[in-house]
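Q: Shown below is the structure under consideration.
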Amino acid sequence: MPVFRRPHSNLGYLPDKPGGINELPELTELKAVRNPDSIFCLQTRARVGSIPCQIIFAQLQAAAERCCVWLFASGITNGRKEGEKYPAPVGILLSSDITIFIYIAAPAHLGTPVGTEGTMIVISKQRHEILFP
């Protein structure tokens, strides 16, 4: 198992450090470089005998980058343009799997504000569950 190295966060109460993390895209990129094979989360399906799928930081970063490409190609956002303070925000309807994080990380990487909306539907069986180690 690789050694996990935690980066300094400039988002807390401690003094900021050069090279510290200031936003979500920096955090996912840095962890993909420093801890590429460390587990980001486990995703399971709620059925008997289901084996959890390990998602490592390198896979998370690759998925966020593919999502950025998809956001551009589909015309959902063009990201922040030079001289533009904020591009139009993107709204996301949350589900209960790893795409929650990917769909928040990708627009943030492009400089696009993200708004999220969760649904509170009571159903007899949950389809997905994310477990953070």
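Nothing in this text is a laboratory measurement; each read-out follows from the coordinates by a stated rule. This one's a predicted model, so the numbers in the text were calculated from it and none came from an experiment. We place every Cβ from the backbone using ideal geometry, glycine too, and count neighbours over all the protein chains shown.
Q: How would Asp16, Asp97 line up from fewest to most surrounding beta-carbon atoms within 10 angstrom?
A: Lowest count first: Asp16, Asp97.
Q: Still on this structure, I have one more. Fewest to most neighbouring Cβ within 10 Å: what's the order for Thr99, Thr77?
A: If I rank by nearby Cβ atoms, fewest first, I get Thr99, Thr77.
Q: Still on this structure, I have one more. Ordered by residue, what ³J(HN,Hα) values in Hz, to whole numbers, does the range 68-85 give under the Karplus form 6.51 cos²θ - 1.76 cosθ + 1.60, where θ = phi - 60° and Gly and Pro are x?
A: So the J values, rounded to whole Hz, are 4, 4, 5, 4, 5, 4, 7, x, 5, 8, 9, x, 7, 9, 4, x, 8, 5.
Q: For a quick check of your reading of the filter: which trypsin sites (Lys or Arg not before Pro) in the range 4-47 sit in a DSSP loop and have no more than 11 other Cβ atoms within 10 Å?
A: Answer in residue order: Arg5, Arg47.
Q: Next question. Would you pull out the residues with amide H under 5 Å of Ile92's amide H, same chain only if 5 or more places away, H placed 1.01 Å from N?
A: Gly115, Thr116, Glu117
Q: Which length gain, in nm to one decimal place, applies between Leu14 and Arg66 when the Cα-Cα distance is subtracted from 0.36 nm times their residue separation?
A: Between Leu14 and Arg66, full extension yields 15.3 nm more.
Q: In which sequence would Ser9, Ser74, Ser38, Ser50 go, from the one with the fewest C-beta neighbours within 10 Å to the one with the most?
A: Ordered from fewest to most neighbouring Cβ atoms within 10 Å, Ser9, Ser74, Ser38, Ser50 come out as Ser74, Ser50, Ser9, Ser38.
Q: Please list, in chain and number order, the residues 5+ apart from Ile21 or on another chain whose amide H is under 5 Å from its amide H, with Hs placed from the backbone.
A: His8, Ser9, Asn10
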